[in-house]
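S.K.: Got a structure for you, questions after.
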Amino acid sequence: MRAFFKWTGIVLVLLVVAFVSFVFAKAGQTYEAPYPEIVTTSDSAVVARGKHLVYGPAHCADCHAPLESHARLNAGEEVDFTGGNPFELPIGTVYPANITPDAETGIGRFTDAELARSLRYGVRHDGRPIIDLMPFYDVSEADMTAILSYLRSTAPVRSEVPENEWNFLGKAIHAFGLIKPMGDGDVPAAPPVDSTAAYGEYLARSVANCRGCHTNRDLMTGAYVGPEFAGGFGEQVPVEGGGMKFVVSANLTPDPETGRMVGWSEADFIARFRAGRIVKESFMPWESFSRMDTLELKALYRFFQTLDPVKADPPIPKELVDTWPPEAE
Ligand code: HEC
Ligand code: HEC
């Protein structure tokens, strides 16, 4: 019997060693993805479109502007996208890149094709996979060109951003390929820029990431685990002055019981976005979205009206859904 335990013990130790070695050996694996044929331009109309997307619906500013410039950003000013705000996740800390054109620390180091590949496929310049925080896989060719052209037109600023730090769980998730390249490169043709539901759908799915946050997801792997746009994706976040609060995305489908926007007119919806942040701890980039123009908001509203009602499950805590519109209660 003793011998049995001894051998089981040795086998277990060997298995653990093999597992740990596997994780360390594979955590840094790199991937291949095609290089899109995107060519940036200094055409002023293209650059202006890119600027609107970067500060508005595509909300690049929200993550890539350093925290100390957020007050200026929220006051409607232009800021430098020097990156570096740590994103603390259960699997490690990631740092948004310096996306000013600096030639040593920014995107001046990368070709248009490399930058477009990062956004189209979630594969970094060095082949490492990017966690699904920037789901711009299906942004149209024209909008991808506009976004990158605008970034190229900004002032280069030197800003060294730390390398991402993955904990053991993060390394294991990388080793098992759970964080991996995403887009299939099959980019649907974008509908014309107009207040139609079709354009709203393009914004909601491909540009503004409403889908990515308003669908329930596994917090470790990012996998979609709930019905689309029915909300329920959330986490405990620290509250200023102590304590924690569960912040969870709303159900955007027209379910009469749990749908957040039931009874909202188009004007209510637009007014809600103009009002900006109400739940202070919310991770929704309200500041960027409040810069969306009326046409974009109309298009989004119309798109959400076309969805089938889906009951949010689990239901979203009541205290988080009673903020808007104030007079409707
Ligand atoms: C939710 C936060 C978030 C948003 C929104 C966001 N980014 Fe990022 N971005 C990151 C993080 C985090 C990284 C670092 C990823 C890594 O190193 O794995 C990054 C990295 C990058 C990189 C470097 C990729 C490389 O090859 O090393 C580029 C370029 C970039 N972002 C551009 C953009 C653009 C353009 C937008 C808007 C269209 C945008 N980002 C929106 C968080 C964000
Ligand atoms: C990064 C995550 C994230 C993204 C992206 C996001 N949301 Fe949200 N959203 C949330 C969270 C969390 C809440 C609940 C807290 C709050 O009200 O801010 C929320 C709440 C809402 C509400 C209810 C507001 C209220 O006052 O009750 C609406 C409407 C909404 N989102 C619409 C959208 C639309 C439309 C988009 C895309 C343009 C979008 N969201 C993108 C996370 C997100």
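The values are calculated or read from the model by the stated rules, or taken from the named source; none is laboratory data. Just so it is clear, the model here is predicted, and its values are computed rather than measured. Note that each Cβ is placed from the backbone with ideal geometry, even for glycine, and that neighbours are counted across all protein chains shown.
S.K.: So PRO34 fits all but one of (1) touching a helix residue (DSSP H, G or I) at 6+ places or on another chain (Cβ under 8 Å); (2) more than 22 Å from MET182 (Cα to Cα); (3) not in a helix (DSSP H, G or I); what number is the exception?
M.R.: The single condition PRO34 does not satisfy is (2).
S.K.: Condition (residue is closer than 30 Å to ARG302 by Cβ and more than 18 Å from the chain's Cα centre (by Cα)) applied to segment 153-173: is it met by at least one residue?
M.R.: no
S.K.: Identify, from the list PRO129, PRO135, the residue that is more than 16 Å from SER206 (Cβ to Cβ) and in contact (Cβ under 8 Å) with a residue 24 or more places away in the chain.
M.R.: Unique residue meeting the criteria: PRO129.
S.K.: Please report, ordered by residue number, the helices (runs of 4 or more DSSP H) entirely within segment 139-251 with at least 1 residues that are in contact with a Gly (Cβ under 6 Å, 6 or more places away or on another chain) and at pLDDT 90 or above.
M.R.: 141-153, 168-175
S.K.: Quick check, is THR40 within 13 Å of ligand 1 (Cβ to nearest atom) and at pLDDT 95 or above?
M.R.: Answer is yes for this residue.
S.K.: State all residues of segment 271-302 that are aliphatic (A, V, I, L, M) and within 19 Å of ALA198 (Cβ to Cβ); if no residue qualifies, say none.
M.R.: The answer is MET292, LEU295, LEU297, ALA299, LEU300.
S.K.: Suppose we keep only residues that are closer than 23 Å to GLY232 by Cβ and not hydrophobic (A, V, I, L, M, F, W, C) within segment 277-302. Which one would you say is surrounded by the fewest Cβ atoms within 10 Å (Cβ to Cβ)?
M.R.: Among those that are closer than 23 Å to GLY232 by Cβ and not hydrophobic (A, V, I, L, M, F, W, C), it is LYS280.
S.K.: If you don't mind, there's one more thing I want to ask. Quick one: in segment 53-73, which of the residues that are surrounded by fewer than 18 Cβ atoms within 10 Å (Cβ to Cβ) and not hydrophobic (A, V, I, L, M, F, W, C) is farthest from ASP143 (Cα to Cα)?
M.R.: GLU68
S.K.: Another question, if that's okay. Does any residue of segment 224-237 turn out to be closer than 19 Å to TYR301 by Cα, in the same structural domain as TYR301 (by TED's automatic domain parsing) and more than 22 Å from the chain's Cα centre (by Cα)?
M.R.: no
S.K.: Please enumerate the residues belonging to segment 188-247 that are touching a residue at least 12 places away in the same chain (Cβ under 8 Å) and among the hydroxyl-bearing types (Ser, Thr, Tyr).
M.R.: Within segment 188-247, SER195, THR196, TYR199, TYR202, SER206, THR215, THR221 meet the criteria.
S.K.: From the list ARG158, ARG124, ARG117, which one is assigned by TED's automatic domain parsing to the domain that holds TYR55 and in contact with a His (Cβ under 9 Å, 6 or more places away or on another chain)?
M.R.: Exactly one of ARG158, ARG124, ARG117 is assigned by TED's automatic domain parsing to the domain that holds TYR55 and in contact with a His (Cβ under 9 Å, 6 or more places away or on another chain), namely ARG117.
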